[in-house]
Amino acid sequence: MWFKSVFLKSLRDYRVAILGWGVGMGLVIVSPMASVSELVKTPEARAALLSLAASFSWNADAIKADTIGGYATFKIGIFIFLMVIWPILAGSRMLRGEEDRASLDVLLSAPRSRVRVALEKLAAIWTALLVMAVLIGILAYLAGIAFKADFTFVDALLFGLNLALICAVFGAVALLVSQFTHERGPAAGWTAGLLLVLIVVDMVHRVIPNTEWISRLSPIYYYNLSKPLIAGYGASAGAMLFLLALALILSGAAIWLFARRARSATGRSAPFTRAAWG
């Protein structure tokens with residue numbers, strides 16, 4: 001059954017990544033939850049923690065840093081974006097990598113359109129991200145129970161979903177960039193570089209006053225608008241929908257370019273240029 005469907009075959013190939021990244025990033029959230037209870041035992045320790053968090057506000061908003069969910073959200077900061085590495089690599093090799101190995105020719109030799117193949121592969125990546133989000137949410141919730149946090153199971157799942165959405169955005173960017181390169185490596189490299197730039201762009205408004213309009217140019221800004229693990233702050237439905245729409249638009253543009261690119265003389269798809277139009 002796995003090999004009769006491009007979607008199922010692709011999803012099967014991601015099984016190790018799903019388990020590794022889902023459990024791994026879940027444990028990244030658990031670690032600060034385990035330590036915060038020791039850091040707020042006395043009023044003096046709590047005040048010292050809040051002061052320390054405020055001094056690192058360039059990294060992340062220090063909101064309720066003396067609570068389990070607030071400290072975990074602040075502590076992980078930009079390190080949570082390590083998970084974005086996987087969709088960048090997966091997106092850059094989803095089509096261009098298959099072309100590099102000539103395995104895409106085998107798929108296209110069957111009675112399947114280029115668009116259908118691309119959509120099934122994209123659906124597999126998004127499903128993998130969704131499963132990772134659930135694993136991360138479950139681990140965060142279990143840790144919250146263990147350390148008496150004040151967020152709910154839904155909050156924990158929304159945290160994982162928000163992370164999956166920003167991952168989907170950068171996976172879509174890598175997929176789009178790969179339509180303009182001859183190999184998957186440059187596409188992954190350019191997207192990773194863009195990720196670093198956009199992280200810095202998001203930081204601008206926390207360092208320089210009256211520059212929030214600059215940070216709004218980064219999708220990281222919209223990811224940070226949702227903090228479901230912080231009681232009373234919650235998730236921003238508008239920001240999450242914006243990330244979903246952005247991922248859909250970028251992915252749609254990439255698949256449209258992939259479908260329009262003409263076959264080169266060697267049987268491999270050329271990057272998107274005027275000469276590549278069919």
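The values are calculated or read from the model by the stated rules, or taken from the named source; none is laboratory data. Computed from a predicted model, the values in this text were never measured in an experiment. Virtual Cβ from ideal backbone geometry, glycine too; neighbours counted across all protein chains shown.
A few points about this structure:
- A count restricted to region 213-232 and to residues that are over 17 Å from residue 247 (Cβ atoms) and either under 22 Å from the mean Cα position of the chain (by Cα) or buried (at least 20 other Cβ atoms within 10 Å of the Cβ) (or both) stands at 7.
- Residue among 231, 168, 164, 188 that alone is in contact with a helix residue (DSSP H, G or I) (Cβ under 6 Å, 6 or more places away or on another chain) and either farther than 14 Å from residue 82 by Cα or at pLDDT below 95 (or both): 188
- From the options 54, 34, residue that is over 30 Å from residue 128 (Cα atoms) and of a type in the set (A, V, I, L, M): 54
- Considering region 112-207, there are no qualifying helices (runs of 4 or more DSSP H) wholly inside with 3 or more residues that are buried (at least 23 other Cβ atoms within 10 Å of the Cβ) and either charged (D, E, K, R) or without any contact (Cβ under 8 Å) to a residue 12 or more places away in the chain (or both).
- Pairs, first at pLDDT below 80 in region 18-42, second part of a helix (DSSP H, G or I), C-beta under 7 Å, six or more apart: 36/68; 36/71; 39/45; 39/49; 40/46; 40/49
- Within the option set 85, 76, 136, being under 18 Å from residue 250 (Cβ atoms) and modelled with pLDDT of 80 or more holds for one residue only, 85.
- Evaluation of residue 210 against (1) in contact with a helix residue (DSSP H, G or I) (Cβ under 7 Å, 6 or more places away or on another chain); (2) more than 20 Å from residue 83 (Cβ to Cβ); (3) of a type in the set (S, T, N, Q) (one fails), failing number: (1)
- Restricting 66, 61, 100 to those that are touching a helix residue (DSSP H, G or I) at 6+ places or on another chain (Cβ under 9 Å), within 20 Å of residue 163 (Cα to Cα) and either surrounded by fewer than 21 Cβ atoms within 10 Å (Cβ to Cβ) or at pLDDT below 90 (or both) reduces the list to 61.
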